[in-house]
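What follows is a short report on a single structure.
Where a number appears in this text, it was derived from the coordinates with a stated rule and is not lab data. Predicted, not measured: the structure shown is a model, and the values here were computed from it. So basically every Cβ, Gly included, is an ideal-geometry build from the backbone, and we count neighbours across all protein chains shown.
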Amino acid sequence: MRERPLRVLICPNAFKGSLTALQAAQAIDAGLRQGMTEAVDAGMLETVLLPLADGGDGTLETLVAATGGTVYTETVRDPLGRPVTARWGRLGGARGDTAVIEMAEASGLRLLRPEERDPLRACTYGTGELMRAAVRAGCRSLLVGIGGSATNDGGAGMARALGARFLDAAGTALPPGGGALARLERVDLSGWDLPGDVRVVVACDVDNPLCGPEGASAVYGPQKGATPEMVRELDAALAHYARVLEQQVGVRVADVPGAGAAGGLGAGLMAFCHAELRPGTEIALEVTGFDARLRGCDLVLTGEGRLDEQTVRGKLLSGVLQRARTVGVPVIALVGAVTETAESALHAAGLTAALSIVRGPCSVEAAMRDARPLLTACAARVGRLLQLGSTFRGGSRR
């Protein structure tokens, strides 16, 4: 006999390109209830929805929603300098002086058509504009999520929006973009207007350095439109940029883990804003009050588009597993795809099961298009398994 309802924490990440974290949580909740109709009818199922994000797309809305905060809009420049309406948020409650800046809102790859992608010219200026707007609104702590970038400019555009000037040998201001940094001779911070008491924390879920074979240009440049020749040009430009920053700003960023995140925006935030880089997962679980929401739960249902080797290296699911394992709560992940290597490693880390939402041969395009009904159907199958051999009626389980 079960004396209390089954309590399930539903905490997915976004299914990139298909569903936001909130949409995914709602789809899982709907499916679970479809599969556990007897438990629902008997009042023996409770679900707690906690959409999560680890610094990439969706960080703004999930953190603001979890704390009861407010979202604002601002007209800023997109990666190619065109006007775009972008959002920033203020957390609620005791964290009301903290702003959430999602760099993808202003400088993200999603803002460009495939044929527009050009990391030689793309710029983080709009991200700096969002930071400036939050500070002018009274925020004294900036939480910056830096996933999903279209840029490879080392954060120089962000710094320009906050008053820095980047000059060539003739004293002429450099044009936007990572390619121009090869001609950088002097950084002028006389117009810097970010107050010294503003704390900047970066939610970063990668540990790539700024330069080299594991750096920003080599690893992430191709998805932003960089050809092999452009990768070499951008990597050399960022290496020169790092030397100038060390000499003139006094901050070494070339080989710092995470400096290469978002095309080097991590490096720029460290050099100019004295930012602290923290794992996005750690921040997400802390701000959303994950541990408190987990307390009293019998099961965790999470999910994301793909589980691969990157997932094992500190991504959101790894953090969820660690917290749940500590208190002995099983975790099931509903995913679009999972590699064999990742599945084995995640099982060793405490994952109970990884279930693909795709049931048969299917193109990636079709899976992404139909992600919501596929996810709902998968959650319904989980619900039926949970109810297998049990009947929930009148508050009893037989």
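Among bridges DSSP assigns within the chain, what percent are antiparallel (round to 5)? Show your work: numbers first, answer last.
On the way: 18 of 51 bridges.
Roughly 35 percent of the DSSP beta bridges within the chain come out antiparallel.
Sequence-distant or interchain residues sharing an amide H contact under 5 Å with A337, placed H: which?
R306, L307
Which order do the peptides 65-77, 95-107 take when ranked by the mean count of other beta-carbon atoms within 10 Å per residue, highest first? List each step's numbers first, then the result.
Details: 65-77: 16.5, 95-107: 26.2.
Output ranking for 65-77, 95-107: 95-107, 65-77.
Residue-wise, which Karplus ³J(HN,Hα) couplings in Hz belong to region 358-364, taking 6.51 cos²θ - 1.76 cosθ + 1.60, θ = phi - 60°, and x for glycine or proline?
Along region 358-364, the couplings run 8, 9, x, x, 6, 6, 4 Hz.
Of the beta bridges DSSP finds with both residues in region 59-281, what % are antiparallel, to the nearest 5?
Details: 15 of 29 bridges.
If I count the DSSP bridges inside region 59-281, around 50 percent turn out antiparallel.
Relative contact order for region 90-239 using alpha-carbon pairs under 8 Å, separation at least 6, rounded to a whole percent? Present the calculation step by step, with values, prior to reporting the outcome.
Working: 302 pairs, mean separation 37.3, N = 150.
Result for region 90-239 is 25 percent.
In deg cm²/dmol, rounded to 500, what helix-only [θ] at 222 nm does the chain give when every DSSP H run of at least 4 residues adds -39500 (n - 2.57) and the total is split over its residues? Working shown, then result.
On the way: 16 runs with 151 residues, N = 398.
Taken over the chain, the calculation gives -11000 deg cm²/dmol.
Ordered by packing density, taken as the mean number of other Cβ atoms within 10 Å over each peptide's residues, highest first, how do 318-331, 337-350, 368-381, 141-154 rank?
Ranking, from highest mean packing down: 141-154, 368-381, 318-331, 337-350.
Can you compute the FRET efficiency between D197 and T172 using 1/(1 + (r/R0)^6), with r the Cβ-Cβ distance and R0 = 41 Å? Round to the nearest 0.05. All intermediate terms of the calculation are to be shown ahead of the outcome.
Values: r = 33 Å, r/R0 = 0.81.
Calculated value: 0.80.
Give the residue from V40, G126, V144 lying farthest towards the positive end of the charge dipole for region 20-157; charges sit on Cβ (+1 for Lys and Arg, -1 for Asp and Glu) and the dipole is referred to the Cα centre.
Towards the positive end, the residue furthest out is G126.
Over what distance in Å are the Cα centres of region 91-133 and region 168-231 separated?
If you average the Cα positions of each part, the centres end up 15 Å apart.
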